[in-house]
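Heads up, the thing below is written out as structure tokens.
The values are calculated or read from the model by the stated rules, or taken from the named source; none is laboratory data. From a predicted model like this one, the values you see are computed outputs, not experimental measurements. Cβ atoms come from the backbone with ideal geometry, glycine included; neighbour counts cover every protein chain shown. To get the accessible areas, we keep the full protein, side chains included, count just its heavy atoms, and leave off ligands, DNA and RNA. Shrake-Rupley method; radii C 1.70, N 1.55, O 1.52, S 1.80 Å.
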Amino acid sequence: MSRTRMSLLTALALLTGTSGAAIIAAPAGASTAAAPCTVDYKVQNQWDTGFTAAVTITNNGAAKSSWSLKWSYTGNQKISNGWNAKVSQSGSAVTAANESYNGTIPSGGSASFGFQASYSGTNAIPATFTLDGVTCNVDGGPTDPGPTDPGPTDPGPGGPKAANPYVGAKVYVNPEWSAKAAAEPGGSRISNQPTAVWLDRIAAINGVNGGMGLRAHLDEALKQKGSGELVVQLVIYDLPGRDCAALASNGELGPNDLDKYKSQYIDPITSILSESKYAGLRIATVIEPDSLPNLVTNAGGTNTTTDACVTMKSNGNYEKGVSYALGKLGALANVYNYIDAGHHGWLGWDSNLGPSVQEFAKVATSNGASMSDVAGFIVNTANYSPAKEPHFKVTDTVNGQTVRQSKWVDWNQYVDEQSFALGLRDKLVAAGFDSGLGMLIDTSRNGWGGSARPTGPGPLTSVDAYVDGSRIDRRIHAGNWCNQSGAGLGERPTAAPATGIDAYVWVKPPGESDGNSAAIPNDEGKGFDRMCDPTYGGNARNGNNPTGALPNAPLAGHWFSAQFQQLMQNAYPPLP
């Protein structure tokens, strides 16, 4: 279902015999303009426990080179096999995507497929069909409320999604993180803040070492929800060959374990989320941090290329895995997928940003995924780039020189995350993504407060002096990412802080390590990355600069008390 507001069919056909067809009816008062697409759904044969159906799509819009049709059942129909389309089902939601030989549908053309399914009770014909996010059988298709319209307040099972899931909703407070934060001196000041739940391995679905699994978190979320709306934030993070350009957060699955990723990771998550008891929760998923950006910057023969990223680019398993996750999770009416898009210090150059948009569009329109499966994108996940640089802009000049010539900016088009997020958003919409696309910014560790925070612009003696004296980001290099010394908590989680920004969020739970500062044997698949070593002199990805990492850090994801205390001390806005 598209995240924009949709018209719904006003008629529901019930099967009373051995065959039936979808009723194509326009709402009262509708215009006579042609529907953008029509779907003819016919039950061909029906018996006590099953049926076969034939579906014909007619495309009345621009020609298509691929397609994805979605609908939801109101009964207990379960599809067992299909033909002439890749047909998959998650709960009541069904997705049918083209095969390689029938993806092209010209304007006015049609494509057909069929399937067999089981049922009991009443075999009702689906009321609503969407083709690539556009509602069929309804004149004019969906209506776009625009990025500042909060849209429907309750998506409901099978209903339209809210334009911004965070508006009018509380956000889930993870009790496990909250307890760790509250146990720290002064931690009670932030222990009630919402943070994301990281599903970073298959075992996390059921809970690791006695900890809460996905169902336990969702059950707790129902208690926190009460009678209002609540968003649960989940990080989907277990791709084959995960984090090909780093070692600290390598994952459990090998480069070729795509089938295992699908069947043992994404499918069980989707199955749990599709349970009817959780239909009233809004689920915001952060899809595979670092994966697609790595394919853009670290798999193309540059001095930042790694063999592991070249492997993942060539086997296509990052792309196939992300597409699969988007399609399966996006089919659920209450799930909002946000694809990870790195940060401005990674993708902010034109040479990276354009290819990144192409990569995102490719993944969102292949392997069963469609752009309607994407609610938005997230930037700065688990990173340290400020949401805003208050004392200088990328358009500033010093003595006739653009600040882009400074060593820090290094010809980047952006100097902070909000300008990057909005610039990226414009390019994504131009590439075909929904005009109501929302962006998230992880502000968990990008405040950069404390005594080192500049209070105004730097001196106008040179571009480097000006930028270095102005920037609140006190890292040695914008490519430094591991347990950064001097970092502080950023803006508290906030819904709709600016037009086009769905929310500031704390995806990386403050106090959880980015990676171990020295080698630590472990059974979590996590290696030792020298970018987490405070004694390391750097590499090509950070301009051969010192790492700026804190010492004595534990494994990625483990509690790091010294970092937590630093983040509170340097919080901006300051803590009370």
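Of everything in segment 230-263, what is open to solvent by less than 30 Å² (accessible area, probe 1.4 Å), farther than 15 Å from residue 315 by Cβ and either touching a strand residue (DSSP E or B) at 6+ places or on another chain (Cβ under 6 Å) or at pLDDT 95 or above (or both)? Give them in sequence order.
230, 231, 232, 233, 234, 235, 236, 237, 238, listed by residue number.
Which one of these is of a type in the set (A, V, I, L, M) and within 23 Å of residue 444 (Cβ to Cβ): 331, 387? Lay out the reasoning, then the answer.
Working: 331 fails: within 23 Å of residue 444 (Cβ to Cβ).
Unique residue meeting the criteria: 387.
I'd like the full set of residues that are part of a helix (DSSP H, G or I), without any contact (Cβ under 8 Å) to a residue 40 or more places away in the chain and open to solvent by less than 40 Å² (accessible area, probe 1.4 Å), limited to segment 519-576.
Selection gives nothing.
Would you confirm whether any residue within segment 412-420 is in contact with a Leu (Cβ under 7 Å, 6 or more places away or on another chain) and part of a helix (DSSP H, G or I)?
no
List, please: which pairs have Cβ atoms under 8 Å, are six or more places apart or on different chains, and start with a residue in segment 437-460 that is at positive phi and end with one that is among the polar types (S, T, N, Q) and open to solvent by 10 Å² or more (accessible area, probe 1.4 Å)?
448/570; 450/569; 450/570
Could you please let me know if residue 475 is open to solvent by less than 10 Å² (accessible area, probe 1.4 Å), among the charged types (D, E, K, R), in contact with a strand residue (DSSP E or B) (Cβ under 8 Å, 6 or more places away or on another chain) and over 24 Å from residue 233 (Cα atoms)?
Answer is yes for this residue.
Filter segment 273-285 down to the residues that are hydrophobic (A, V, I, L, M, F, W, C) and within 24 Å of residue 96 (Cα to Cα), then identify the one that is most open to solvent (accessible area, probe 1.4 Å).
So in segment 273-285, the residues hydrophobic (A, V, I, L, M, F, W, C) come out as 273, 279, 281, 283-284.
Within this subset, residues satisfying the condition of being within 24 Å of residue 96 (Cα to Cα) are 273, 279, 283-284.
Working: 273: 5, 279: 22, 283: 2, 284: 3 Å².
The selected residue is 279.
Quick one: in segment 419-446, of everything that is among the polar types (S, T, N, Q) and either modelled with pLDDT under 95 or open to solvent by 20 Å² or more (accessible area, probe 1.4 Å) (or both), which residue is nearest to residue 344 (Cα to Cα)? Explain how you work it out, then say what you get.
Taking segment 419-446 as the starting set, the residues that turn out to be among the polar types (S, T, N, Q) are 419, 435, 443-444, 446.
Okay, now just the ones that are also either modelled with pLDDT under 95 or open to solvent by 20 Å² or more (accessible area, probe 1.4 Å) (or both), so 419, 435.
Working: 419: 9, 435: 22 Å.
If we take residues in segment 419-446 being among the polar types (S, T, N, Q) and either modelled with pLDDT under 95 or open to solvent by 20 Å² or more (accessible area, probe 1.4 Å) (or both), then 419 is nearest to residue 344 (Cα to Cα).
Considering each residue of segment 368-386, count those that are touching a helix residue (DSSP H, G or I) at 6+ places or on another chain (Cβ under 8 Å), hydrophobic (A, V, I, L, M, F, W, C) and either on the phi > 0 side of the Ramachandran plot or open to solvent by 20 Å² or more (accessible area, probe 1.4 Å) (or both), and give that number.
1
Regarding segment 67-78, can at least one residue be identified that is of a type in the set (Gly, Ala, Ser), open to solvent by 40 Å² or more (accessible area, probe 1.4 Å) and assigned to a strand (DSSP E or B)?
No, there is no match, as no residue in segment 67-78 is of a type in the set (Gly, Ala, Ser), open to solvent by 40 Å² or more (accessible area, probe 1.4 Å) and assigned to a strand (DSSP E or B).
Looking at segment 36-66, which of the residues that are of a type in the set (A, V, I, L, M) and in a loop (DSSP other than H, G, I, E, B) is surrounded by the most Cβ atoms within 10 Å (Cβ to Cβ)?
63
Is it the case that some residue within segment 506-525 is of a type in the set (A, V, I, L, M, F, W, C) and closer than 21 Å to residue 173 by Cα? Working first, answer last.
Applying the first criterion (of a type in the set (A, V, I, L, M, F, W, C)) to segment 506-525 yields 506-507, 518-520.
Narrowing the set further to residues that are closer than 21 Å to residue 173 by Cα leaves 506-507.
Yes - at least one qualifying residue is present in segment 506-525.
Is at least one residue of segment 350-367 crowded, with 24+ Cβ neighbours inside 10 Å and farther than 28 Å from residue 98 by Cβ?
No; the residues of segment 350-367 include none that is crowded, with 24+ Cβ neighbours inside 10 Å and farther than 28 Å from residue 98 by Cβ.
Looking only at residues that are small (Gly, Ala, Ser) and crowded, with 16+ Cβ neighbours inside 10 Å in segment 387-412, which one is nearest to residue 457 (Cα to Cα)?
Per the criteria, the residue is 406.
Can you tell me which residues in segment 146-192 are surrounded by fewer than 19 Cβ atoms within 10 Å (Cβ to Cβ) and at pLDDT below 50?
146, 148, 149, 150, 152, 153, 154, 156, 157
May I ask you to list the residues in segment 219-239 that are assigned to a loop (DSSP other than H, G, I, E, B) and touching a helix residue (DSSP H, G or I) at 6+ places or on another chain (Cβ under 6 Å)?
Scanning segment 219-239 gives 238, 239.
Identify, please: which residue in segment 294-317 is crowded, with 21+ Cβ neighbours inside 10 Å and not β-branched (Val, Ile, Thr) and is, among those, nearest to residue 355 (Cα to Cα)?
295
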